[in-house]
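The values are calculated or read from the model by the stated rules, or taken from the named source; none is laboratory data. Please read all numbers here as calculations on a predicted model, not as lab measurements. Because the Cβ atoms are built from the backbone with ideal geometry, glycine has one as well, and the counts that use them run over all protein chains shown.
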Amino acid sequence: MILIKRIILEYPCIRKLIKNGYYLFTFNIFKKKRISLITEADLNKLSLIRTCTLDNSLYGIDKIYQKAYDKEFFFEHGYYWGNVIPQGEKAKIIKTIFTISKRRELFLKENLNKNVKYIDPYIVNANICKITKNNILNLRLSANKPIRLFIPGHSEKKNSYCIVNPVPDVEFTTIVLLYYLDYDRVDKVDGNIYISCGQAYDPKFLERLKSLLIYSDYIETNFLGTHIIYANALGLDINFSGNINDSKFQILQIHESLYGFHNTEEKNNLIEDIESVSEKLAY
């Protein structure tokens, strides 16, 4: 009941969801059987963002940076591939854009009349989630095995990555970190533990992810994305399983189907981005 009251006080806009038995924020990702009952449609309809700019509320960016509440600042919510410029960045009210890609910093400065700043990947300045940290440490101690964190590809609005179920390894306790909307779409394999860092607008998302990355003994993935940038920024090795060339080609296909390429330079810039991220893998 204390948690419910706290949520209502901090986020009045979700009273309707609480009344109907839904919950938005997960306090202990190892104990909830369902990560979230909130759908993307609910988010669009109920406007569950805390900042003037939608991106600034994603994954708890606003919990890390006070500037996220300023209507003139835009934080790219992850590693943006290629030359895509969201409509939000083009808005007249936006004066400063923060990005975690040095290539995009140069690209945006050349193509937008705005102040663009590269900053360290957001996870660097996120706090540690003590609940998640303690759960991992206790799990390692009780099982007497090192922790293997597997981060599979996740679904998109119009496409779906291949959500791979890793084979349990007797030498590890395997945690499979799923995108919250994929939690009920994946057939669970006995021997693996399935969790999520929470719903996309959960303010503690990055805190949980940071704790999982830091306190796991072995990190593995089968797709290219922001999580690789985050692991690298924390000084951690992340290993790739599967066919790296297939993963690169898949990103090109998805990007082309969603945005298209206006010229060869755009495609080449995306390929450059893909290669720069893949170079951060430990293999």
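Out of (1) closer than 25 Å to residue 129 by Cβ; (2) of a type in the set (A, V, I, L, M, F, W, C); (3) without any contact (Cβ under 8 Å) to a residue 40 or more places away in the chain; (4) in a loop (DSSP other than H, G, I, E, B), the odd one out for residue 167 is which?
Among (1) closer than 25 Å to residue 129 by Cβ; (2) of a type in the set (A, V, I, L, M, F, W, C); (3) without any contact (Cβ under 8 Å) to a residue 40 or more places away in the chain; (4) in a loop (DSSP other than H, G, I, E, B), residue 167 violates only (1).
Does residue 198 qualify as being without any contact (Cβ under 8 Å) to a residue 40 or more places away in the chain and at positive phi? So that I can check it myself, show each step before the final result.
On the way: without any contact (Cβ under 8 Å) to a residue 40 or more places away in the chain: no; at positive phi: yes.
When the stated conditions are applied, residue 198 does not pass them.
Considering each of 64, 8, 93 in turn, give the residue that is at pLDDT 90 or above and either touching a Cys at 6+ places or on another chain (Cβ under 7 Å) or surrounded by fewer than 17 Cβ atoms within 10 Å (Cβ to Cβ) (or both). Show your work before the answer.
Details: 64 fails: either touching a Cys at 6+ places or on another chain (Cβ under 7 Å) or surrounded by fewer than 17 Cβ atoms within 10 Å (Cβ to Cβ) (or both); 8 fails: at pLDDT 90 or above.
Being at pLDDT 90 or above and either touching a Cys at 6+ places or on another chain (Cβ under 7 Å) or surrounded by fewer than 17 Cβ atoms within 10 Å (Cβ to Cβ) (or both) holds for just one of 64, 8, 93, which is 93.
Identify the single condition in (1) out of contact with any His (no Cβ under 6 Å at 6 or more places or on another chain); (2) closer than 23 Å to residue 235 by Cβ that residue 151 does not satisfy, given that it satisfies every other one.
Unmet for residue 151, out of (1) out of contact with any His (no Cβ under 6 Å at 6 or more places or on another chain); (2) closer than 23 Å to residue 235 by Cβ: (1).
With 219, 214 as the choices, which residue is in contact with a strand residue (DSSP E or B) (Cβ under 9 Å, 6 or more places away or on another chain) and closer than 21 Å to residue 137 by Cβ?
Values: 214 fails: in contact with a strand residue (DSSP E or B) (Cβ under 9 Å, 6 or more places away or on another chain).
Selected residue: 219, the only one of 219, 214 that is in contact with a strand residue (DSSP E or B) (Cβ under 9 Å, 6 or more places away or on another chain) and closer than 21 Å to residue 137 by Cβ.
Can you give me the number of residues within the range 117-131 that are assigned to a loop (DSSP other than H, G, I, E, B) and either in contact with a helix residue (DSSP H, G or I) (Cβ under 7 Å, 6 or more places away or on another chain) or touching a residue at least 60 places away in the same chain (Cβ under 8 Å) (or both)?
Applying the first criterion (assigned to a loop (DSSP other than H, G, I, E, B)) to the range 117-131 yields 119-121, 126-129.
So of that shortlist, the ones also either in contact with a helix residue (DSSP H, G or I) (Cβ under 7 Å, 6 or more places away or on another chain) or touching a residue at least 60 places away in the same chain (Cβ under 8 Å) (or both) come out as 120-121, 126-129.
Of the residues in the range 117-131, 6 are assigned to a loop (DSSP other than H, G, I, E, B) and either in contact with a helix residue (DSSP H, G or I) (Cβ under 7 Å, 6 or more places away or on another chain) or touching a residue at least 60 places away in the same chain (Cβ under 8 Å) (or both).
When the range 175-226 is examined, which residues are found to be modelled with pLDDT under 85, in a helix (DSSP H, G or I) and surrounded by 21 or more Cβ atoms within 10 Å (Cβ to Cβ)?
Listed by number, the list holds a single entry, 180.
Okay, residues lined up against (1) modelled with pLDDT under 85; (2) out of contact with any Lys or Arg (no Cβ under 7 Å at 6 or more places or on another chain); (3) among the hydrophobic types (A, V, I, L, M, F, W, C):
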site	(1), (2), (3)
230	no, yes, no
241	no, yes, no
256	yes, yes, no
262	yes, yes, no
266	yes, yes, no
277	no, yes, yes
282	yes, yes, yes
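Would a scan of the range 54-62 turn up a residue that is in a strand (DSSP E or B), hydrophobic (A, V, I, L, M, F, W, C) and within 28 Å of residue 276 (Cα to Cα)? Write out each step before concluding.
Initial filter on the range 54-62 (in a strand (DSSP E or B)): none.
No, there is no match, as no residue in the range 54-62 is in a strand (DSSP E or B), hydrophobic (A, V, I, L, M, F, W, C) and within 28 Å of residue 276 (Cα to Cα).
With the condition kept exactly as written, say whether any residue in the range 127-147 is touching an Asp or Glu at 6+ places or on another chain (Cβ under 6 Å), at pLDDT 90 or above and under 30 Å from residue 258 (Cβ atoms).
We begin by selecting, within the range 127-147, every residue touching an Asp or Glu at 6+ places or on another chain (Cβ under 6 Å); these are 127, 129, 146-147.
Pick out the ones that are also at pLDDT 90 or above and you get 127, 129, 146-147.
Within this subset, residues satisfying the condition of being under 30 Å from residue 258 (Cβ atoms) are none.
Taking every residue of the range 127-147 in turn, none turns out to be touching an Asp or Glu at 6+ places or on another chain (Cβ under 6 Å), at pLDDT 90 or above and under 30 Å from residue 258 (Cβ atoms).
Mind checking whether some residue in the range 231-241 is closer than 18 Å to residue 121 by Cβ, in contact (Cβ under 8 Å) with a residue 12 or more places away in the chain and either touching a Ser or Thr at 6+ places or on another chain (Cβ under 8 Å) or surrounded by 20 or more Cβ atoms within 10 Å (Cβ to Cβ) (or both)? Give the steps one after another, and end with the answer.
Of the range 231-241, the ones closer than 18 Å to residue 121 by Cβ are 231-238.
Pick out the ones that are also in contact (Cβ under 8 Å) with a residue 12 or more places away in the chain and you get 231-234, 236-238.
Subsequent filtering for residues that are either touching a Ser or Thr at 6+ places or on another chain (Cβ under 8 Å) or surrounded by 20 or more Cβ atoms within 10 Å (Cβ to Cβ) (or both) retains 231, 238.
Taking every residue of the range 231-241 in turn, at least one turns out to be closer than 18 Å to residue 121 by Cβ, in contact (Cβ under 8 Å) with a residue 12 or more places away in the chain and either touching a Ser or Thr at 6+ places or on another chain (Cβ under 8 Å) or surrounded by 20 or more Cβ atoms within 10 Å (Cβ to Cβ) (or both).
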